[in-house]
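S.K.: Below are the structure tokens for one structure; questions will follow.
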Amino acid sequence: MRVLVALLLFTPAVATAQVSKLTQPDATLSEPFSFVRGVRELSNGRLIVADWIENRVVIADLAANTVRRLMREGPGPQEVRLPSGLVRLGGDTTLLYDDGNNRSHVLAPDGHSVRVILADIPGRGGIRGVDATGAFLYGIPSWSEGPKALPDDSVRVVRWDLREQGDPKVVAIVQGTRYRKDRSPALQPRLPMVGFASQDSWVVAPNGSLVIVRATPYHVEVRAPGRAPVIGPSYATTTRAVTVDDKKRFIREFSDGSPISGRGPNGGMGRGPQIEEAEVARMAGTAEWAERFPPFDASAVLAGADGRIWIGAPLHPSTAPKYDVFDQTGKRVLQVELRPGRRIVHVGARGVYTVFDNDDGVQTIERYRVP
């Protein structure tokens, strides 16, 4: 019986899901952005938007095509530096990552910060959401665990309940970022992880369930307190070989999106200078790389407002972005294709929100009907 269950779970599924192409937005915000790292739809249809480069957080109204600034740059209680993400909490409450100040803000429905959570304990700067009981969920990075670290850079996902004493409880183990084997001190900057290595990803659905996307084999698991885990079927994927151009693009994107200690005010976190091509080539030549792309992009996994999970395929600049959409039983129910130059940043009740990068590096936000 155990063998039969294993075969049913992990024999790759071959059923083809319906393909939906998002070609015509129903709304576009004319306000330009430099690097949108977070979007969150509120119940009234307005958006909170975080721009990492411009150090600003705004409320956007697509119907009126207007924006209003919520937080300015700085270390104060209503200020932010390097805002890097927005996470749905209960109702219209939102968590804002404030990387430059090593903390997160809890934002009230009107967008004002009502609480600060310090990122003084590894992992707490990356809270992914709250479960059905109101406890926070986050992952403890393997590099911070010392002798307690799990093998193969695996990560403990923990449940942190502010009403309970003691250490947070472990609720799942996932394959985290795979770090390079040679971790000895280096005289020059180098890539800390194995580029394009496969890894698991996880998000928190609106109902508080923990959704894990496994890379090997590619499948979705849904976990919730007091319920047996739901493990969906696995799906076969076709990956391509990693090229030199892929490696260089990876280095540029990593450099552009990674804060550096000492670059910010008073020696804090800040943005580094734009990396030069000679340095890109050197780092690409000294880094450790996977031979082939992973089955999905671990940074492109989102939980939609309706509970479906959107999983982005590894992106190639010359092709249209594609996403697999899974339901809460772990089954793939839809595949979505975007126009080139776009990525999904949020899936709300009123639409699928994408960011479009033009040739000048200016970003705009578009909304498409939810398929």
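The values are calculated or read from the model by the stated rules, or taken from the named source; none is laboratory data. Because the structure is a prediction, the values reported are computed rather than measured. Methodologically, a virtual Cβ is constructed for each residue, glycine included, from the backbone with ideal geometry; neighbour enumeration extends over all protein chains shown. To get the accessible areas, we keep the full protein, side chains included, count just its heavy atoms, and leave off ligands, DNA and RNA. Shrake-Rupley method; radii C 1.70, N 1.55, O 1.52, S 1.80 Å.
S.K.: Is it true that GLY304 is open to solvent by less than 20 Å² (accessible area, probe 1.4 Å), touching a residue at least 12 places away in the same chain (Cβ under 8 Å), closer than 21 Å to ARG37 by Cα and in contact with an Asp or Glu (Cβ under 8 Å, 6 or more places away or on another chain)?
M.R.: Taking the combined requirement at face value, the residue does not satisfy it.
S.K.: From the residues in the range 126-162 that are farther than 16 Å from THR177 by Cα and among the aliphatic types (A, V, I, L, M), which one is surrounded by the fewest Cβ atoms within 10 Å (Cβ to Cβ)?
M.R.: LEU162
S.K.: Right, another one. Which of the residues that make up the range 57-77 are closer than 18 Å to ILE117 by Cβ and open to solvent by 60 Å² or more (accessible area, probe 1.4 Å)?
M.R.: PRO75, PRO77
S.K.: Same structure, new question: I need the full set of residues from the range 185-209 which are at pLDDT below 90 and either within 24 Å of ALA313 (Cβ to Cβ) or of a type outside the set (A, V, I, L, M) (or both), in order please.
M.R.: Matches in the range 185-209: PRO185, GLN188, PRO189, ARG190.
S.K.: If I filter the range 156-176 for residues that are within 22 Å of the chain's Cα centre (by Cα), over 24 Å from ILE231 (Cα atoms), polar (S, T, N, Q) and not in a loop (DSSP other than H, G, I, E, B), do I get at least one hit?
M.R.: No: the range 156-176 contains no residue that is within 22 Å of the chain's Cα centre (by Cα), over 24 Å from ILE231 (Cα atoms), polar (S, T, N, Q) and not in a loop (DSSP other than H, G, I, E, B).
S.K.: I've got another one for you. One residue is enough: does the range 19-38 have a residue meeting the conditions touching a Gly at 6+ places or on another chain (Cβ under 6 Å) and either of a type outside the set (Lys, Arg) or at pLDDT below 95 (or both)?
M.R.: Yes, the range 19-38 contains a residue that is touching a Gly at 6+ places or on another chain (Cβ under 6 Å) and either of a type outside the set (Lys, Arg) or at pLDDT below 95 (or both).
S.K.: Inside the range 37-56, can you point out the residues that are within 20 Å of SER258 (Cβ to Cβ) and buried (at least 23 other Cβ atoms within 10 Å of the Cβ)?
M.R.: The answer is ALA50, TRP52.
S.K.: Among the residues of the range 325-352, count how many are closer than 13 Å to THR16 by Cα, within 16 Å of the chain's Cα centre (by Cα) and open to solvent by 40 Å² or more (accessible area, probe 1.4 Å).
M.R.: Residues meeting the conditions: 0.
S.K.: Same structure, new question: How about the range 88-110: which of its residues are of a type outside the set (Ser, Thr, Tyr) and buried (at least 22 other Cβ atoms within 10 Å of the Cβ)?
M.R.: Within the range 88-110, ARG88, LEU95, LEU96, ASP98, ASP99, GLY100, ASN101, HIS105, LEU107 meet the criteria.
S.K.: Of the residues that sit in the range 117-153 and are in contact with a Pro (Cβ under 7 Å, 6 or more places away or on another chain) and not in a loop (DSSP other than H, G, I, E, B), which one is modelled with the highest pLDDT?
M.R.: ILE140
S.K.: Any idea which of (1) in a loop (DSSP other than H, G, I, E, B); (2) modelled with pLDDT of 95 or more; (3) in contact with a Phe, Trp or Tyr (Cβ under 7 Å, 6 or more places away or on another chain); (4) not charged (D, E, K, R) is the one PRO314 doesn't satisfy?
M.R.: Exception for PRO314: condition (2).
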